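Report on one structure; see the data block that follows.
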Amino acid sequence: MKLLRRFAVPLAALALSTALAGCVSSVLDPNVKASQPIPARLVSQMTAKQMKPSDPIVVRIFKEESELEIWKRDRSGRYARLKSYPMCRWSGQLGPKKRNGDRQAPEGFYQVNVRMLNPASQYYLSFDLGFPNKLEKALGYSGDSLMVHGACSSSGCYAMTDDGVSEIYAVVREALRGGQTSFQVQAFPFRMTPQNMARHRDDPNMPFWKNLKEGYDILEVKRRPPVVSACGGRYVFDAQFANGEPADPLAACPPMTSAPDPDLIARRDADARAMEAAAVSGSLISAHAYTDGGMHPSFRELLQKNGAKNLAKKTSRTNVPISRPDAVLLMGQSGQEN
């Protein structure tokens, strides 16, 4: 999945003349793929929700549910969920990506600008998440070219099928054309409900996931993306610092001038109580140890019914093979609830 070359992609001219290897294909004109309009039905949904194609967006990704959401700012200035997309394939386990070659799809907070869009991807269309971000670099994490792209193949990326990424790409493009300089991508292991947090409470990644949940809650409660900083080896959200942004993500956090938000405190406390209640109820489904990533139930059903070759034809215009289909089918034998 590596790009052998990183593109700078002007919004006004997406055509590329250089043939590249890696995530690049010459099967279709990149300009044709990357300039497809947002489908009329989705524009109608925007209009019904008092949104315009040019309004800013936030993207959320959930591994366990194998879904990608697009949230968009409406006329009120608040963000609302526009649409959820089923994810065909992600790889690795729940938890952050730490080293190159571990097949882990990343978890964290990322900013994507126009230069990170790739209209000539081997996987139809794609955009780079920007892994590792500033915090991840400071922690020594390694890897590059972690994408949201088409087809149904992953070795650290989020594969949305060619049709899925085509629509996502169009929404992203129009938001950037509308003046949003970059959009936030929030990648989570699962929807961070009290029940899911309780189900995974014994996972060694739980301290990291509790940190992610602080940012998750801001969009849920305040209906806007959080301002993301990093200090003390963790993400810090919506913080104002006496002497400006901290320079070292691993150094202790400098004094803050911002006060805790009462709505977020109330949400945190309520979820903590609900998490404790769920943990002692005895009704939680056991957490799953992934063989190698996952797939949305709708695609998994097709894989079981029709086989990997037929699913590849359905999800990719160039028949990109499904990555490790046997690992996906093993999920049903190990208790995973899709």
Surface per residue (accessible, 1.4 Å probe) for the chain, Å²
44 Å²
Rotationally averaged projected area of the range 269-316 (alpha carbon convex hull; nm²)
5.7 nm²
Which whole-number percent is the relative contact order of the chain (Cα, under 8 Å, 6+ apart)?
19 percent
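In the range 227-279, how does Rg compare with the Kirkwood Rh, expressed as the Rg/Rh ratio over alpha carbon atoms?
Answer for the range 227-279: 1.11.
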Got a number for carbon plus sulfur as a percent of the range 159-257's accessible area, 1.4 Å probe?
49 percent
Just the C-alpha atoms of the range 171-275: what Rg/Rh do they give, with Rh taken as the Kirkwood radius?
1.00
How large is log10 of I(q)/I(0) for the chain at q = 0.07, 0.12, 0.13, 0.14 Å⁻¹ when the intensity is taken from the Debye formula with one equal scatterer per alpha-carbon?
-0.29, -0.89, -1.05, -1.22
Using alpha-carbon coordinates alone, the radius of gyration and Dmax of the range 112-238 in Å work out to 15.8, 44
Interchain or long-range residues, amide H under 5 Å from Tyr158's placed H
Met147, Val148, His149
Starting from the Cα gyration tensor of the range 210-338, multiply each eigenvalue by 5, take the square root, and state the resulting semi-axes largest first in whole Å.
40, 22, 14
Enclosed volume per residue, in Å³, of the convex hull spanned by Cα atoms of the range 32-177
106 Å³
Whole-Å semi-axes of the range 74-124's equivalent ellipsoid, largest first, each the root of 5 times a Cα gyration tensor eigenvalue?
26, 17, 14
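The values are calculated or read from the model by the stated rules, or taken from the named source; none is laboratory data. Not measured: the values here are computed from a predicted model. Keep in mind that these areas ignore ligands, DNA and RNA; they rest on the heavy atoms of the full protein, side chains included. Shrake-Rupley method; radii C 1.70, N 1.55, O 1.52, S 1.80 Å.
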